[in-house]
C-alpha cells in the first residue's frame, strides 16, 4: 500500500495538467470563432434608406385656432316705449341703412301731436290778441301825448297811458315766447311719433347689412332702448386668434394668412392681419390678433371656428432634407451623407433652421447628394452601407421591391 501512494499522486498531477491544457485549447478556439464572427459583423454593410438633398424655398408656418366675428354690429332699439305692432324684417334678411325695420303702436303719440298742435293755436291766438292790444295802446299813447303838448291832458293821464303801452309790449313778448314754446312742443311730439317707426340707422361701413338676431315678436310691449334686432356687417368678416410671445414678434399688420373652417373642408380663404393688440392678457399671456377676410357671398359666419395658417418667415433658397434624416450624436445635430459610389456614409454636422411639415432647412459643409433617412442609428462615420433598389415598375404596372 505504501509503495502505491507516490504513483497515484503522480497520476493525479498528470491528469490535472492534461485537463487544463485541453480547456485552454477549447477556450482559444472559442475566442477565435467569436473574433471572426465579430469581424464579419463589423464588415457587413448596413442596409439603409436614403433621400435626395434638395434646394428650394421653405417657409416657417404656424397654425392658430380662432373664430370669426362680424366686422360691425348694430343693435336696433326704439327710443320710446310701446307695443310692437310689426317687425318688418327677420333673421338673414338684408337691411339698407335707414330702412324702417319695426313699427310701434303710435296712438298715444298721435294724440300728443294733436294736443301740441292745439296748444300752438292757442299760443298764436294769444300772441295775436297781445299784438292788437299793443297797437291800441300805441294809438292811445300818441293821442295823449298830443293832448299833453296842447295842455289838454294832464301829466298823470300821460303816465298812465305810457305805463299801459309798456304792459301791452310785455304781453306781446310773452305771447311770442308761448308760440315758440308751443312750436317746439309740437316738433317734439312729431319726433316722438316718428320714433314709433324704428329704423336701422347705423353710421359708417357698408350700405347693406344682414339681420343676425331677432329679440321680439309682434304684440310685445318694449321699453325705450330695449333691443329689437341685431344687424351685422359680414363683408369683410373678422378672424380673431390669440398668440403667445414666441410668435408675437413675427407678426405684423398686412401679413397674409390662409384660413380654413370645418364648414367648408378643403377650401382656403385668403386674409390679411389688420390689427395686433399692444398688450397680452394676464390670464393667458396671449395677445389678440385680428384678421380681415373678404366674404362677398357671406359664406363665412360669425362664431365659426377657424384654423389660420400664417407664414412667419420664408427662405427663398435653402438646403432641405427630410426631418427623419436628422441624427443626434454627442449632443450635436447632423446627417449621414452617402458617398458618390453609394457604398459608405460620412457624418456631417448641421445647423437646423426652418421646419415645414416633414422638411427641414439645414446649413453646413458639403451638403449635397443623398442623406440616410432610415438606419442611421446603425452606422457611424465611414460605415459601409447597402441601399435597397428603388421600387421598379413591372411590365403590367405593378410595383416590386428588390434588395441587394
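The values are calculated or read from the model by the stated rules, or taken from the named source; none is laboratory data. Just so it is clear, the model here is predicted, and its values are computed rather than measured. Positions of Cβ are generated from backbone atoms using ideal geometry, with glycine treated the same way; all protein chains shown enter the neighbour counts.
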Study note, to complete from the structure: Note on residue 283: of the conditions (1) free of Cβ contacts under 8 Å to residues at least 24 places away in the same chain; (2) within 14 Å of the chain's Cα centre (by Cα), unmet is (2)
Practice item. Return a yes/no flag: does the stretch 97-114 have any residue that is over 57 Å from the mean Cα position of the chain (by Cα) and surrounded by 13 or more Cβ atoms within 10 Å (Cβ to Cβ). Key: no
Check your understanding: Based on what the data block shows, is residue 345 assigned to a strand (DSSP E or B) and either in contact with a helix residue (DSSP H, G or I) (Cβ under 7 Å, 6 or more places away or on another chain) or at pLDDT 95 or above (or both)?
Key -> no
Revision key, fill the gap. Being in contact with a strand residue (DSSP E or B) (Cβ under 9 Å, 6 or more places away or on another chain), assigned to a helix (DSSP H, G or I) and under 25 Å from residue 58 (Cα atoms) narrows 377, 324 down to just 324
Check your understanding: Among 372, 335, which is in contact (Cβ under 8 Å) with a residue 60 or more places away in the chain and part of a strand (DSSP E or B)?
Key -> 372
Point to revise | residue 299, sole failed condition from (1) more than 23 Å from residue 60 (Cα to Cα); (2) modelled with pLDDT of 95 or more; (3) surrounded by fewer than 19 Cβ atoms within 10 Å (Cβ to Cβ) | key: (2)
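Let's see how each residue does on (1) closer than 30 Å to residue 101 by Cβ; (2) touching a strand residue (DSSP E or B) at 6+ places or on another chain (Cβ under 7 Å):
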residue	(1), (2)
230	yes, yes
249	no, no
256	no, yes
282	no, no
285	no, no
289	no, yes
304	yes, yes
310	no, yes
Check your understanding: In this structure, is residue 189 at pLDDT below 95 and surrounded by fewer than 18 Cβ atoms within 10 Å (Cβ to Cβ)?
Key -> no
Review point. Considering 271, 239, 303, which residue is part of a loop (DSSP other than H, G, I, E, B) and under 20 Å from residue 68 (Cβ atoms)?
Key: 303
Check your understanding: Where in the stretch 71-132 are the strands (runs of 3 or more DSSP E), entirely inside, with at least 1 residues that are in contact (Cβ under 8 Å) with a residue 40 or more places away in the chain and at positive phi?
Key -> 82-87
Check your understanding: If you go through the stretch 204-215 one residue at a time, do you hit one that is at pLDDT 90 or above and either surrounded by fewer than 12 Cβ atoms within 10 Å (Cβ to Cβ) or not assigned by TED's automatic domain parsing to the domain that holds residue 100 (or both)?
Key -> yes
